[in-house]
Amino acid sequence: MKTISLLFLALAAMTVTASADWRPVERIEHYTINGTTGLELYRSIGERGPTVGIGRAIAYTDFDLLWSRDYRPQADGSCVLASARPSLTITYRLPRPAGPLPPHTQRLWDVFIAGVEKHERVHGEIILDMTRQIEAVSVGLRAENDPGCQKVRAELQRKLVGISEERHARNREFDRVELSEGGNVHQLVLALVNG
């Protein structure tokens, strides 16, 4: 499970607000593969692809998520989480051939990599959805009798567990469909290898 780092930063604004103006940073990192045919390229992916779980993947989407949060003790002894601003970087790891490909292989590769990137960007959208859900449950969260803001922090952590589990479940289900026999990624691989 990806660890969500927390930055607790007191902000000057006195109102409880969600920050709708943030945007994620998206990066693409490539790993180099070798080959001049679709089969050779796919074999190289199997040798050099990112390690995920117990094996290698064609591509992988990862993220770093930091938060600036403003916890405000209130005059009545409660605590309110007045603002929560995410800093999200999504990284897509994709294969790239080491050199020029023959025209026929290049056409196959272009279709393959476009489909793989489209697949990975769905994982990126799931990460964005998770971040928005965290922001939605964070801003305005309140705990009574919490002058040190410890209860409200504990309640937020409890909520984060469920949101994270939901993201994992969505990713698993999406991959199950896409990677299954006849699924989109399976079809992309077959077209590349058998092209």
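Helix 38-48: angle to the longest alpha-carbon principal axis of the chain, degrees 0 to 90, nearest 10?
Long axis of 38-48 versus the principal axis of the chain: about 40 degrees.
Check which residues have an amide H placed less than 5 Å from Phe63's amide H, if you skip close sequence neighbours.
Thr91
Would you calculate the separation in nanometres between label points at Gln157 and Arg96, each defined as 7 Å from the Cα along the Cα-to-beta-carbon direction?
That separation, rounded to one decimal, is 4.1 nm.
For the chain, give the magnitude of the charge dipole about the Cα centre (Cβ charges: +1 Lys/Arg, -1 Asp/Glu; no others), in debye to the nearest 20.
200
Taking θ = phi - 60°, what integer Hz values does the Karplus form 6.51 cos²θ - 1.76 cosθ + 1.60 yield along segment 132-143, in sequence order, with x for Gly and Pro?
5, 5, 4, 4, 5, 7, 7, 5, x, 4, 9, 10
Mind checking the full-extension length gain between Tyr31 and Asp129? Use 0.36 nm per residue of separation minus the Cα-Cα distance, one decimal, nm.
32.6 nm
Just to be sure I understand the model, the point goes 7 Å from the Cα along the line to the Cβ. What's the resulting Thr51 to His186 distance in nm?
Result for the modelled spin labels: 2.8 nm.
At 1.4 Å probe radius, can you tell me the per residue accessible area of the chain in Å²?
55
Would you work out what percent of the accessible area of the chain, with all protein chains in place, is carbon or sulfur (probe 1.4 Å)?
54
Using mean projected area of the Cα convex hull in nm² as the read-out, say which of [x] 12.5; [y] 10.6; [z] 13.0 was calculated from these coordinates.
[x]
For Ile28, enumerate residues with amide H under 5 Å from its amide H, sequence gap 5+ or separate chain, H modeled in the peptide plane.
Hits under the 5 Å cutoff: Tyr92.
Can you tell me the order of 177-183, 34-40 when each peptide is scored by its average per-residue count of other Cβ atoms within 10 angstrom, highest first? The partial results should precede the final answer.
Numbers: 177-183: 12.1, 34-40: 16.1.
The densest-packed peptide leads the list: 34-40, 177-183.
So for the chain, taking the charge dipole from beta-carbon charges (+1 Lys/Arg, -1 Asp/Glu), which of Gly195, Pro97, His123 sits furthest toward the positive end?
Among Gly195, Pro97, His123, the one farthest towards the positive end of the dipole of the chain is Pro97.
Calculate, for Val111 and Ser87, the FRET efficiency according to 1/(1 + (r/R0)^6) with r their C-beta to C-beta distance and R0 45 Å; round to the nearest 0.05.
Here the calculated transfer efficiency is 0.80.
Suppose R0 equals 41 Å. What FRET efficiency, 1/(1 + (r/R0)^6) with r the Cβ-Cβ distance, do Arg176 and Ala75 give to the nearest 0.05?
0.20
The values are calculated or read from the model by the stated rules, or taken from the named source; none is laboratory data. Just so it is clear, the structure is predicted and the values come from calculations on it, not from any experiment. Positions of Cβ are backbone-derived with ideal geometry, glycine not excepted, and every protein chain shown enters the neighbour counts. Accessible surface areas use protein heavy atoms only, side chains included; no ligands, DNA or RNA. Shrake-Rupley method; radii C 1.70, N 1.55, O 1.52, S 1.80 Å.
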